[in-house]
Amino acid sequence: MVDIPEHLLLRTAEARAKALGITVEQALAELKGESAPTKIEKEPEVLDVSPVEKEVKETPPPPAAEVKETPPPPAAAVKEAPAPAAAVKEAPAPTKTNGKTNGQIPAEVDFSPETKVTQRLLTVVKAKPIQKPASEPVDKVNTWPHLMLPEFISLMAMTAFLIFISAILQAPLLEEANPNITPNPAKAPWYFLGLQELLSYWDPQIAGVMIPLLIGVLAFMAIPYIDRNKDNKPSKRKYAIMLWTFFLAGAGTLSIIGILFRGPGWNWTYPWIDGVWFDDLLDWVHFE
Amino acid sequence: MKNEKIKFRDRIKDISAGLGDSLKESTLWGSIFRPGSPFRKGYSDSPRNRSYVVMNNVLYHLHPVKVKRHGVRLSYTLCLGGLSFFTFIVLTITGIWLMFYFRPTEMAYVDIQTLQTSIAFGSLVRNMHRWAAHIMVLVVFLHMSRVFYHGAYKAPREFNWVIGVILLILTLLLSFTGYLLPWDQLAIWAVTVGGNMAGYTPVFGQQVKFALFAGLEATEATLLRFYVLHVLFLPFIIVIFMAIHFWRVRKDGGISGPL
């Protein structure tokens, strides 16, 4: 036999004691099979759905009929449910007690586990969890090895790539710095060349300061506070994606012009005709 | 004779296996490799040990024990954030190595020449540092674009995007300050052009330029200033912001999505 945990047994005994009007100790003894199960007069439940049918019986039997025949005090009423409490409960349901007075003999119900137990519907508890999950459960995998292995491989690939290009491409080193000799053209680092290209069109205060400061820094930082669209599906945020793509295309075009198509005096040059003025590429691109 | 040889080989095998076991059973080994480590004796592939691998390692516990399944697909992140961090580590290691051979004075150019010609692996390490710097700028920017296209800056990750923009600016500043250090014509004039752009700041443009150059134009004082910014100040700041960035990734619910 399966061992029932003590606390569950106790809880069952308490419920049983309350239902039958016996002491908890006795109920416990009964459940453990140490004493004979208490018998109670009880009728099998009939679910009353039609208002016509008056034969619905209720537990416990109405006090009026029963108390006259068996006068023992409620405390000792082993065979019945506590009468006074039941009386109060039954009072507001006159139709049902009417049915009771019909003179039907209540069937005996044995609550011992081996025999059939009838039950009645007390309440309907909707099947919902006590704790509401904040979000849908997500499909997760163990970081080791499913994430760390690809990470390790990409890290190794990056190392290999880096050593490879460092072995074949020499970093540029021109003549020693000389403030008196200005190279023509003088180019900024490649990531600023888009800006330098803009600088040749517009006023330096706009192109050199306002655009990098206002657009490059403040507007970028403000993006999440401007874009209030909560959706992250690409089909639901076409406008945002379009804007960023335009930005990428614009910045990329300006940078490529600045890197490859600008020569002495910041004049337009074609890399395949005039050569490239971009010293980061000095030692490994030989167009000139 | 042949039989004895086989026996001898088996015996060697036994001894080496025994050595491995006694090493793995030693107190020293057990104290280094915490429970869950694949190097520990009796490691088996179980969900419990998979969790321990991450939790019981100071480097790996940057990660959560479990991640969303779509996030481990290489095509989702292209590993760009991780590679940004990794290039930073490569730059730190090669940069510290380069510091042994570099003086931010009028000797700077000579030091670079010496490094390239007379020091073992000097040229390779300098090349690695330079190309890794370019790659880092590129990868950080690509990471930003990836995050934008995935809408990963949306609630609750708004502030982590702001920190990300700060990290991009710090990356650019690190690259820009490093650009001057070889002290050749490319360095001084690229920095002069960049510094002149800062000089167009309205109202206090000249002051900004003066603070940047430590004077009116790029001189050896500028070199020292950029050197300190490059090797100490900016790395210090960027590490703080990176720590916040990584911490917020975890606190904001891990990787975004799925789309």
Segment B:52-85, residues that are part of a helix (DSSP H, G or I), facing chain A (nearest Cβ under 7 Å) and more than 30 Å from B:Ile32 (Cα to Cα) | B:Arg69, B:Leu74
Please enumerate the residues belonging to segment B:35-51 that are of a type in the set (Lys, Arg) and away from chain A (no Cβ under 11 Å).
-> B:Arg40, B:Lys41
Can B:Tyr179 be described as closer than 23 Å to A:Trp244 by Cβ, among the aromatic types (Phe, Trp, Tyr) and either open to solvent by less than 10 Å² (accessible area, probe 1.4 Å) or facing chain A (nearest Cβ under 8 Å) (or both)?
-> no
By residue number, the members of segment B:224-244 that are open to solvent by less than 30 Å² (accessible area, probe 1.4 Å) and touching a helix residue (DSSP H, G or I) at 6+ places or on another chain (Cβ under 6 Å) are B:Phe226, B:Leu234, B:Ile238
Going by the structure shown, is B:Ile89 part of a helix (DSSP H, G or I) and either more than 10 Å from every other protein chain (Cβ to nearest Cβ) or open to solvent by less than 40 Å² (accessible area, probe 1.4 Å) (or both)?
-> no
In segment A:257-274, residue nearest to B:Trp189 (Cα to Cα) [restricted to those that are more than 13 Å from chain B (Cβ to nearest Cβ) and surrounded by 15 or more Cβ atoms within 10 Å (Cβ to Cβ)] = A:Gly263
Those residues of segment A:140-164 which are open to solvent by 90 Å² or more (accessible area, probe 1.4 Å) and outside any helix (DSSP H, G or I), in sequence order = A:Lys140
Does B:Val193 count as under 30 Å from A:Asn232 (Cβ atoms), facing chain A (nearest Cβ under 7 Å), open to solvent by less than 50 Å² (accessible area, probe 1.4 Å) and free of Cβ contacts under 8 Å to residues at least 24 places away in the same chain?
-> no
Could you list all residues from segment B:165-176 that are more than 9 Å from chain A (Cβ to nearest Cβ) and either at positive phi or touching a His at 6+ places or on another chain (Cβ under 8 Å) (or both)?
-> B:Leu167, B:Leu174
So which of B:Pro156, B:Pro202 is in contact (Cβ under 8 Å) with a residue 60 or more places away in the chain and part of a loop (DSSP other than H, G, I, E, B)?
-> B:Pro156
Could you tell me which numbered condition B:Ala211 fails, if it satisfies all but one of (1) more than 8 Å from chain A (Cβ to nearest Cβ); (2) within 30 Å of A:Arg228 (Cβ to Cβ); (3) in a helix (DSSP H, G or I); (4) not β-branched (Val, Ile, Thr)?
-> (2)
Looking at (1) open to solvent by 90 Å² or more (accessible area, probe 1.4 Å); (2) modelled with pLDDT of 85 or more, which is the only condition A:Asp3 fails?
-> (2)
Could you pull out the residue among A:Ala207, A:Ala188 that is in a helix (DSSP H, G or I), touching a Leu at 6+ places or on another chain (Cβ under 9 Å), closer than 24 Å to A:Asn267 by Cβ and open to solvent by less than 80 Å² (accessible area, probe 1.4 Å)?
-> A:Ala207
Residue, modelled with the lowest pLDDT, within segment A:166-185, restricted to residues that are buried (at least 17 other Cβ atoms within 10 Å of the Cβ) and within 23 Å of B:Ser84 (Cα to Cα) = A:Ala171
Test set (1) open to solvent by 20 Å² or more (accessible area, probe 1.4 Å); (2) not assigned by TED's automatic domain parsing to the domain that holds B:Val228 - B:Gly71 fails condition number | (1)
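The values are calculated or read from the model by the stated rules, or taken from the named source; none is laboratory data. Just so it is clear, the structure is predicted and the values come from calculations on it, not from any experiment. Virtual Cβ from ideal backbone geometry, glycine too; neighbours counted across all protein chains shown. Heads up: the accessible areas ignore ligands, DNA and RNA and are worked out on the full protein's heavy atoms, side chains in. Shrake-Rupley method; radii C 1.70, N 1.55, O 1.52, S 1.80 Å.
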